[in-house]
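Scroll down for the structure; my scribbles are underneath it.
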Amino acid sequence: MAKDFYIFRHGETELNRRRRWQGSGTDYDLTEDGVSQAEELSAKLAGKGIEVIYSSPLLRARHTAEIAARMLKVPVKTEADLRECFYGEAEGRPIAELQKEMPEIVNNWSRPGGDLRFPGGESRQEALERVLAVLRRLEGESFRTAGVAVHGGTMAAMLNHFGYKFDKIPNCAVFRLHFENGEGTVEGNL
């Protein structure tokens, strides 16, 4: 059954603000600006017919989902496999420092092709496969349209997988994914 997913990135966290690499090994809440971004996101999602929001269990995504859900008057359901990639040794470290030490990984993480992994971490492909497995399972649920609260890394992997070209994924960016029979097409940042 065809589904429309409005996939959105969480609002700003302190690690985003401090330009540190943030994965599933770091669980920060939203900053005040992040809360404001989530409220603005809610306005973008209004009128889209969203019936439920599925969220990563990480605090930043869950808080963003809860703000949107409250304004849209829909439930939030947590899905463990929507969490961000685990970045191993890169978790919480300054991005500038990682660019010097591991430029091939940092500079290519959001680009299509190749499977990357930080030392001790989960690969980009592993993270993508678990997120796609959730979407495939949700395809059998009774709703027609859902929100999905995720993270920059998992969102980049999905956009690459579905052939959508992008430059950067800002906090609270939202993309529409039309999903049918395990395949999808993406509409740009709404």
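The values are calculated or read from the model by the stated rules, or taken from the named source; none is laboratory data. Note that the coordinates shown come from a computational prediction; the quantities given were computed from them, not determined experimentally. Every residue, glycine among them, receives a Cβ derived from its backbone with ideal geometry; neighbour counts consider all protein chains shown. Heavy atoms of the whole protein, side chains included, go into the accessibility calculation; ligands, DNA and RNA do not. Shrake-Rupley method; radii C 1.70, N 1.55, O 1.52, S 1.80 Å.
Figures for the structure shown
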{"quantity": "Filter result for Ala43 (assigned to a helix (DSSP H, G or I), aliphatic (A, V, I, L, M) and within 16 Å of the chain's Cα centre (by Cα))", "calculated": "no"}
{"quantity": "Gly25 being closer than 19 Å to Asn189 by Cα, surrounded by 16 or more Cβ atoms within 10 Å (Cβ to Cβ) and in contact with an Asp or Glu (Cβ under 6 Å, 6 or more places away or on another chain)", "calculated": "no"}
{"quantity": "Selected residue (only one of Arg124, Arg137 is free of Cβ contacts under 8 Å to residues at least 12 places away in the same chain and either of a type outside the set (Val, Ile, Thr) or in contact with a helix residue (DSSP H, G or I) (Cβ under 8 Å, 6 or more places away or on another chain) (or both))", "calculated": "Arg137"}
{"quantity": "Candidates Ile53, Ile67, Ile7, Ile105 - the one that is in contact with a helix residue (DSSP H, G or I) (Cβ under 8 Å, 6 or more places away or on another chain), without any contact (Cβ under 8 Å) to a residue 60 or more places away in the chain, open to solvent by less than 20 Å² (accessible area, probe 1.4 Å) and not small (Gly, Ala, Ser)", "calculated": "Ile67"}
{"quantity": "Qualifying positions in the range 1-32 - of a type in the set (Asp, Glu) and part of a loop (DSSP other than H, G, I, E, B)", "calculated": "Glu12, Asp27, Asp29"}
{"quantity": "Test for Glu97: is it over 18 Å from the mean Cα position of the chain (by Cα), surrounded by fewer than 21 Cβ atoms within 10 Å (Cβ to Cβ) and within 19 Å of Gly153 (Cα to Cα)", "calculated": "yes"}
{"quantity": "Given (1) within 15 Å of the chain's Cα centre (by Cα); (2) buried (at least 20 other Cβ atoms within 10 Å of the Cβ); (3) not hydroxyl-bearing (Ser, Thr, Tyr), number of the condition Gly121 does not satisfy", "calculated": "(1)"}
